[in-house]
Amino acid sequence: MSPSESAAALASASEACAREPIHIPGSIQPHGFLLVFDEPGLSVVQASENVANWLGIEVAELLGRSLDELLEDAEGLRAQLGSLVSEDRNPFHLADVRFRPGSARQTFAMMVHRHDQVLIAEFEGAANVTAAYSNLYPLVRTFVTRLQEATTAELLCQLAVTEVKRMTGFGRVKAYRFDAQGDGIVIAEDADPGYPQYLGLHFPASDIPQQARALYCSNRIRVIGDADYQPSPIVPPLNPATGKPLDLSYSALRSVSPVHVQYMKNMGTQASMSISIVVDGALWGLISCHDSQAQSVGFQTRTACELLGRILSLQIEAKEAHADSDRLLRLRQRIVQMLSLMADRDSVSEGLMAAPETFLDFARASGAAIVLADRCELVGETPPRECVEDLAQWLAANQSGDSFYSDNVGRDVAALPELQRHIGGLLAVSISELHSHYLIWFRPEQVSTVTWAGKPEKSLAPSGALHPRHSFESWQETVVGRSLGWDQLEVDGALELRNAVLGIVLRKAEELAQLAGELKKSNRELEAFSYSVSHDLRAPLRHIAGYAELLGEAEGGRLTDSGVRFLGNISDSARFAGTLVDNLLSFSQMGRAALHLSDVNLPALVDSIRQEMLPDYQERSVEWRIHPLPIVIADAAFIHLALRNLLSNAIKYSRTRDTAVIEIGAVEHPDEDWVYVRDNGVGFDMDYAGKLFGVFQRMHRMEEFEGTGIGLASVRRIVERHDGRVWAESRPDQGSTFYFALPKRAHTPISR
């Protein structure tokens, strides 16, 4: 076969691999068995051939039999299955399902999901539930806490990798993230001695075809217990409801592509597990587990790992959203600076040339150009003027939208070879609807060396099928002709600047107001994201608390004293985490709910709060000193919550006193209503007062005074929503005074 024929055959095999229908393999892995039920009758319509090995019943004998004939307590299971909504693809787990006497083995773990117009049930050998909760305990107590402290995605992934390795026992666990081209780079790793190290190495995008990436998004955990497994076919092969092969996209036992199995063996891997990291609905990266020996991973451990992956995904999403918000804010600050300079001058170019550093820093560029009809202004390191003018003509003829960007001008602007001699990348936006006027930023070529985990190439097997690469030894590639890539925020920022420049020609002040409105919208979106993260964490934490309670009721008599204590710690930790998430949810809602302003009678409100909190202090000696308080214009519900948080703090931090003295009063001020809450408690050092009203900021150890660290942050948010302010005064061991000031308003109830 000639080189051209070999290349064509390899391209054809790669294309066939990318089209392989891996979601309908027609078989499962044999470490469990599968039964498919129709509905509503719940009779068996398909089964994996290996069911005979597990139950001692041939497939032919199972087909057509109902759930009631096969399982004990089928009625209870029917009721629980009824809670599954249509096409509920998240598996519903049962730890202890019993088949009726007569089968070879009776007790199994069962995973059920509804998909492809049928109910798909998968069964594995039942595992030790207590051992599963011993995995969940450190996950909730240690892992989640440490995630809050991690400042980068790399640190988050390293914590996750270490935790997954501890829970599963795999010999090597690594995490890698995908770049814009789909290539993966290993950013965290934990491996036993003797395993190859891949930290910092790249894996080509072709290692994971697109259809596999789609499955990683929909089914977030995948286990291959033994690369030498013999697939168990599904009988009959076609789903009676659809007349097509059964779709196993959401199955835990789904058989995998032979190409992937060969890839594992070439890597020296006998068992593997992957946990998806999904950020903003897209596959951000993977936690990949490998072992040189076959590994069994029970469904409880997989559930814990999946929960870990979801928490990790949410944390990464939150951190990236905050980072993007900060970057967007900085970009918009530079936009405002440039617009202000333009507004003070007669032309766009004069305004931008007045602050060349701001113009360049805006796009992290080494050079820039302002191309207008009669002139071309250059800033920093740029191509020659004639080359820039040629580029403007090329943009006018070839640019289809309002922007054009490239990190490889030799590839994307091949018609101007002279351009490549001076720069590696460019970003351009049009600033006229009629003329070839442009703002252009340039970046230099950055020659880089990429270290791959093996040369990123595949070969053909004798059969003509695609054969994955054999070597994973480090292989370096020198990349030339490219610049630092342009991220979407920079492109979007350049388009915002374009729109602002277009608008400033017509009306300068209105455009600045529009930018302020867009920034406010961005902040609202960030608050909505915080609400979503808090909301999504509530269900798994409640599941942990609920299952811990069920375990205590079902198995409490058989647990050791240590087991009972551990279980109690799990319950306490889950409840605390649930309270924390509820507080976070409430905190995020404060920025979203409308204020309903009315007359608020503070003396009556304080009396009401004291009655509500009576159970918290009725066993203690508390002296209340209530001074005259004003009637303020505010949202009654929010001010109630703020005062309750302040009084709760006063009660809590004065409990070490024989008699707690709590004073509530007001200070006269011409423009504001000042209200204070004073106590004789432990106080705090004023050096740390700047952090006092931040989320999760605590002045004392949690072991001394319980709490979630959100109360004072909520007070600040509530008061600031009313255009007010908060502050505090204190000295260690001499009590504290917390103030809030609300602007005085006319007594006309309104909503805002």
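Restricting attention to region 319-339, the residues that are touching a residue at least 12 places away in the same chain (Cβ under 8 Å) and out of contact with any Phe, Trp or Tyr (no Cβ under 7 Å at 6 or more places or on another chain) total 13. Val677 - would you say it is in a helix (DSSP H, G or I), modelled with pLDDT of 90 or more, under 28 Å from Gln734 (Cβ atoms) and open to solvent by less than 50 Å² (accessible area, probe 1.4 Å)? No, not satisfied.
Only one entry of Val715, Val682, Val695, Val726 meets the criterion of being more than 21 Å from Asp635 (Cα to Cα), open to solvent by less than 80 Å² (accessible area, probe 1.4 Å) and either modelled with pLDDT of 70 or more or part of a strand (DSSP E or B) (or both), and that entry is Val682. Pairs linking a residue in region 606-619 that is in contact (Cβ under 8 Å) with a residue 40 or more places away in the chain to a residue that is of a type in the set (A, V, I, L, M) and surrounded by 15 or more Cβ atoms within 10 Å (Cβ to Cβ), with Cβ atoms under 8 Å and 6 or more positions apart or on different chains, are Val606/Leu629; Val606/Leu643; Val606/Leu647; Val606/Ile664; Tyr617/Ile651; Tyr617/Ala660. The one condition from (1) of a type in the set (Gly, Ala, Ser); (2) open to solvent by 50 Å² or more (accessible area, probe 1.4 Å); (3) within 23 Å of the chain's Cα centre (by Cα); (4) closer than 30 Å to Asp116 by Cβ that Ser249 does not meet is (2). For region 305-338, a residue qualifies if it is over 13 Å from the mean Cα position of the chain (by Cα) and either modelled with pLDDT under 85 or of a type in the set (Val, Ile, Thr) (or both), and the qualifying residues are Ile335, Val336.
In region 139-177, the qualifying residues are those that are hydrophobic (A, V, I, L, M, F, W, C) and in a loop (DSSP other than H, G, I, E, B), and the one that is surrounded by the fewest Cβ atoms within 10 Å (Cβ to Cβ) is Ala150. Applying the criterion of being at pLDDT below 80 and among the basic types (Lys, Arg) to the residues of region 420-466, the residue that is surrounded by the fewest Cβ atoms within 10 Å (Cβ to Cβ) is Lys455. For region 137-190, filtered to residues that are basic (Lys, Arg) and at pLDDT 85 or above, the residue that is farthest from Leu314 (Cα to Cα) is Arg172. Among the residues that make up region 298-309, is at least one of them out of contact with any Asp or Glu (no Cβ under 7 Å at 6 or more places or on another chain) and among the aromatic types (Phe, Trp, Tyr)? No, region 298-309 has no match at all. Just checking, how many residues over region 379-401 are crowded, with 19+ Cβ neighbours inside 10 Å and either touching a Pro at 6+ places or on another chain (Cβ under 7 Å) or free of Cβ contacts under 8 Å to residues at least 24 places away in the same chain (or both)? The qualifying residues number 1. Restricted to strands (runs of 3 or more DSSP E) entirely inside region 180-260, those with at least 2 residues that are in contact (Cβ under 8 Å) with a residue 12 or more places away in the chain and of a type in the set (D, E, K, R) are 184-191. Among the residues of region 31-45, the ones that are more than 37 Å from the chain's Cα centre (by Cα) and surrounded by 23 or more Cβ atoms within 10 Å (Cβ to Cβ) come to 0 in all. Scanning region 657-680 for residues being small (Gly, Ala, Ser) and touching a Lys or Arg at 6+ places or on another chain (Cβ under 7 Å) gives a total of 1.
When Gln210 is tested against (1) open to solvent by 50 Å² or more (accessible area, probe 1.4 Å); (2) over 25 Å from Ser313 (Cβ atoms), exactly one condition is not met: (2). Considering only region 295-340, how many residues are basic (Lys, Arg) and closer than 24 Å to Ala175 by Cβ? So the answer is 4.
The values are calculated or read from the model by the stated rules, or taken from the named source; none is laboratory data. Given the structure is predicted, the values throughout are model-derived calculations rather than measurements. Neighbour counts run over all protein chains shown; Cβ positions are idealised from the backbone, glycine included. Quick note on the areas: whole protein, heavy atoms, side chains included, nothing else; ligands and nucleic acids left out. Shrake-Rupley method; radii C 1.70, N 1.55, O 1.52, S 1.80 Å.
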